[in-house]
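Taking it in order: structure first as structure tokens, then the write-up.
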Amino acid sequence: MTTPSPYPYQAAPVAAPPRNGLGTAGFVLGLVGLLFSPIPFIGVIAWPLVIVGIILSGIGFSRAKSGVANNKGLALTGIILSAIGLVICILWTAVFSKAVVDAANSLPTAPMSAPGAPLGNDAGTSALAPAQEQPAQEPVTEHTVVYRVTGTGGAKAGNITYTTDGMTTSNQEANVKLPWEKTIKLPAGKSLQMVSILAQGSGKGSIKVTIEVDGKLIKEASAQEYGVAHANENIGSLGN
């Protein structure tokens, strides 16, 4: 005969599933920020959204990795969306700054007269007459950019990528024998004028990349074997 237990049977408590409110909030902010970021002027509100989205999604992703929260994939998606939105915001800011500076540079400026000089076109009495006889220095209208890649120990370049328009357009060449050189022309007077070259070694020796602008070396970098040598510089007015 079985003696009944004096204690009634109780089911084991079911643990509540972990939550990831921070990761979800970061995903929502990143998505909204990404949608607003490409819109001119209105996109300025995307800055705080994507920045906070990256922070919250990062915390949520870290909590999910440690096992105290779930929705790891949603938090990771929030990080990616926020990062893309931030890149778009940065590009818009660079383009807007370039347009403002170019517009300011295009405004006509009135010539300054010497202190005490009479106004008007009185012949023989202008104090600026001697200065007007001097030839004016011609402004620089374009830059000559020379990209070079050299190697030692029989090195070759697996690929070479370089910008061609001062912004984001680029050309790429593969399996290049060294030394290699390319010359391009870029218009002067721009606020943002990027020059960039990237070369990857082929596993033998070392490679070196250089950038010369108007005959002056402005940047160089080197790498060994399969390494990547990368050099870039803004030669516009904002980079000087």
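Worth a mention:
- Count of residues meeting criterion [out of contact with any strand residue (DSSP E or B) (no Cβ under 9 Å at 6 or more places or on another chain) and closer than 17 Å to residue 227 by Cα] in the range 137-194: 1
- Per the conditions (1) closer than 24 Å to residue 94 by Cβ; (2) of a type in the set (A, V, I, L, M); (3) part of a loop (DSSP other than H, G, I, E, B), the sole criterion not satisfied by residue 69 is (1).
- Counted residues, the range 195-216 - those being touching a residue at least 12 places away in the same chain (Cβ under 8 Å) and closer than 28 Å to residue 102 by Cβ: 9
- Which listed residue is open to solvent by 100 Å² or more (accessible area, probe 1.4 Å) and either modelled with pLDDT of 70 or more or assigned to a helix (DSSP H, G or I) (or both), from 29, 22, 35: 35
- Odd one out for residue 100 among (1) over 22 Å from residue 51 (Cα atoms); (2) open to solvent by less than 40 Å² (accessible area, probe 1.4 Å); (3) of a type outside the set (Gly, Ala, Ser): (2)
- The range 187-232: number of residues that are among the hydrophobic types (A, V, I, L, M, F, W, C) and in contact with a helix residue (DSSP H, G or I) (Cβ under 9 Å, 6 or more places away or on another chain): 2
- Pairing residues of the range 172-194 that are closer than 30 Å to residue 96 by Cα with residues that are among the acidic types (Asp, Glu), at Cβ distances under 6 Å and at least 6 apart in sequence or on separate chains, gives 185/142; 187/142; 188/142.
- In the range 70-87, the residues that are over 13 Å from residue 32 (Cα atoms) never reach a residue that is at pLDDT 90 or above and not in a helix (DSSP H, G or I) with C-beta atoms less than 8 angstrom apart, at least six apart or across chains.
The values are calculated or read from the model by the stated rules, or taken from the named source; none is laboratory data. These numbers were taken from a predicted model, which means no experiment stands behind them. Glycine gets a Cβ as well: all are built from the backbone with ideal geometry, and neighbour counts include every protein chain shown. Only protein heavy atoms, including side chains, enter the accessible area calculation; ligands, DNA and RNA are left aside. Shrake-Rupley method; radii C 1.70, N 1.55, O 1.52, S 1.80 Å.
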